[in-house]
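Structure record follows, encoded as structure tokens.
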Amino acid sequence: MIHIKNKVSLQKMEQAGRLLSSIFDAMEPRIVPGSTTQDIELWIASELIRLGLKSKSLGYMGYRHVSCISVNDEVVHGIPSEKKILYKGDLVKVDVCASWQDYCADMARSFFVGTADVRAQKLVDVAQSALDKGIAKAVAGNRLSDISAAIQQEVEVHGFGVVRDFAGHGIGKSMHEDPEILNYGKPGRGPILRPGMAFALEPMITMGNYAVYVTEDGWTVKTIDKSLAAHVEDTVVITDGEPQVITRFRV
Ligand code: MF3
Ligand code: CO
């Protein structure tokens, strides 16, 4: 069942999104050569506390961190580690889900350590534009798979791969709610979108083949062909009008 959120719930989610996006707005200077993914995790943890946000990943199915940080051919769910040192040119995906007064926002961005390779930059740009195309379909009256199809179309027209094994999701009091939002598929299928639904949209895309596997740590998802992957995520509310992206707040 897809929850329709009331006004008060949505206001809390907006506040979660506003605060979470302020962390991401300050993140780029932290993604530097020589720092570790654990350094970034610790900074995020302190920011969450400072802003009154509660991590939704800490304790989730035994996960022990407030962020997922995935580098290069790691797609999502990378575990922060003091052994994981960042080098110039690395493509770093940071994913954080947090709640404010029990209501969640979920967000991810792809960053480069220093300068980006041209083709890698293109991959990130397409992940971002695919997310934007998906968001543009998050409109009352559309069907769920209109979002999925728009994302897939944008990725594949640029010759990149769409990861099939992971998807976006409904979000509210829980990090993961119904429905599952695939990043591929035919348009015109699935439930009709209604005001008050909230979705975390998160294309995961690859430079090569889209096939992925989970490594022996039980979490980290990597491309089988070792190609680079990009991931971006925003939390979006269906309204009577334009989609409301609650993780893109800027003053
Ligand atoms: N924030 C992730 C998502 O986009 C989930 C993180 S998995 C966890 O759904 F185990 F770290 F929580
Ligand atoms: Co998510």
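Counted as membrane-span-like here are DSSP H helices of the chain whose alpha-carbon atoms extend 24 Å or more along the helix's own axis and whose Kyte-Doolittle mean is -0.5 or above; these are 7-25, 118-136. For the chain, adding -39500 (n - 2.57) for each run of n ≥ 4 DSSP H residues and dividing by the number of residues yields -9000 deg cm²/dmol at 222 nm. GNM remark for the chain: springs join alpha carbons under 10 Å apart, and the peak mean-square fluctuation among Leu201, Leu51, Leu20 falls on Leu51.
With the largest listed first and rounded to whole Å, the semi-axes of the equivalent ellipsoid of region 1-41 from the Cα gyration tensor are 33, 12, 6. Considering all different alpha carbon pairs of region 1-146, the Kirkwood hydrodynamic radius works out to 16.5 Å. Just to be sure I understand: with springs between alpha-carbon atoms less than 10 Å apart, which residue in Leu91, Leu182, Leu58 has the highest mean-square fluctuation in the Gaussian network model of the chain? Top of the fluctuation ranking is Leu58.
Per residue, what volume in Å³ does the convex hull of the Cα atoms of region 190-245 enclose? So the per-residue Cα hull volume is 125 Å³.
Binning the C-alpha pair distances of the chain at 5 Å intervals from 0 yields a P(r) profile of 1, 7, 14, 19, 20, 18, 13, 6, 2, 0 %, listed from the shortest bin outward. Which residue fluctuates most in the GNM of the chain (Cα springs below 10 Å): Pro203, Pro80, Pro187? Maximum among the listed residues: Pro187. Please check which bits of region 87-130 a label hung off Thr215 would reach, taking the label as a point 7 Å along Cα-to-C-beta and the cut-off as backbone N under 16 Å. Residues 87, 90-95 qualify, since their backbone N sits under 16 Å from the label point.
Across the alpha-carbon set of region 147-210, the Rg to Rh ratio works out to 1.00, Rh being the Kirkwood radius. Between Glu156 and Trp43, the simple spin-label model (points 7 angstrom out along Cα→Cβ) gives 3.8 nm.
None of the figures in this text is laboratory data; all of them are computed from the coordinates on show. On a predicted model such as this, the values are computed, not experimentally measured, just so you know. Because the Cβ atoms are built from the backbone with ideal geometry, glycine has one as well, and the counts that use them run over all protein chains shown.
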